[in-house]
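What follows is a set of notes on a single structure, which appears directly below.
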Amino acid sequence: MSYLKPDKEYTEKQLNFLDAMANEAKGNIRTAMNLAGYSSTTHTKEVVVPLQDELIALANTVLATNSVKAALGLTGVLDDPTALGAKNAVTAATQILDRVGVVKKEKVEVSSDTGGLFILPPKKGEDDSE
């Protein structure tokens with residue numbers, strides 16, 4: 001489990017909780033706690049706070065794992081743009097890709113072969129009086 005800290009000692013329940021969060025509980029904290037063997041009277045913050053960094057790393061792992069699926073979902077809309085839910089699929093895929101760092105590239109082309117001028121706006125705070 002790449003989201004575990006090598007220098008940190010985990011209890012068996014903590015490891016089971018993290019595993020459940022990533023798998024059968026599908027992110028549901030209380031379900032993961034139940035599967036890991038925590039008492040129903042254990043408050044969620046007692047489990048979550050000590051594992052906060054691991055849960056964030058787990059979320060990043062889940063996003064990275066699904067980034068290829070998101071990219072394929074985006075390109076799948078090209079094949080069938082009228083498919084039911086295509087707009088939602090594009091939105092979700094874009095959000096996932098943004099979060100894992102796959103962002104659309106913006107290019108600005110500056111050409112000097114036209115002989116034109118490139119005028120910049122004045123700097124803020126400049127005093128125009130002479």
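Each reported figure results from applying straightforward, stated rules to the coordinates on display, with no laboratory input. As the structure is a computational prediction, the values presented were derived from the model and not from experiment. Because the Cβ atoms are built from the backbone with ideal geometry, glycine has one as well, and the counts that use them run over all protein chains shown.
Restricting to region 15-31, count the residues that are surrounded by 12 or more Cβ atoms within 10 Å (Cβ to Cβ), more than 22 Å from R99 (Cβ to Cβ) and under 23 Å from the mean Cα position of the chain (by Cα). The total comes to 6. I'd like to check something: does region 37-59 contain any residue that is touching a Lys or Arg at 6+ places or on another chain (Cβ under 8 Å), surrounded by fewer than 18 Cβ atoms within 10 Å (Cβ to Cβ) and either among the aliphatic types (A, V, I, L, M) or in a loop (DSSP other than H, G, I, E, B) (or both)? Yes, region 37-59 contains a residue that is touching a Lys or Arg at 6+ places or on another chain (Cβ under 8 Å), surrounded by fewer than 18 Cβ atoms within 10 Å (Cβ to Cβ) and either among the aliphatic types (A, V, I, L, M) or in a loop (DSSP other than H, G, I, E, B) (or both).
When region 2-22 is filtered for residues that are more than 16 Å from L63 (Cβ to Cβ) and assigned to a loop (DSSP other than H, G, I, E, B), the ones remaining, listed by number, are L4, K5, P6, D7, K8, E9, Y10, T11.
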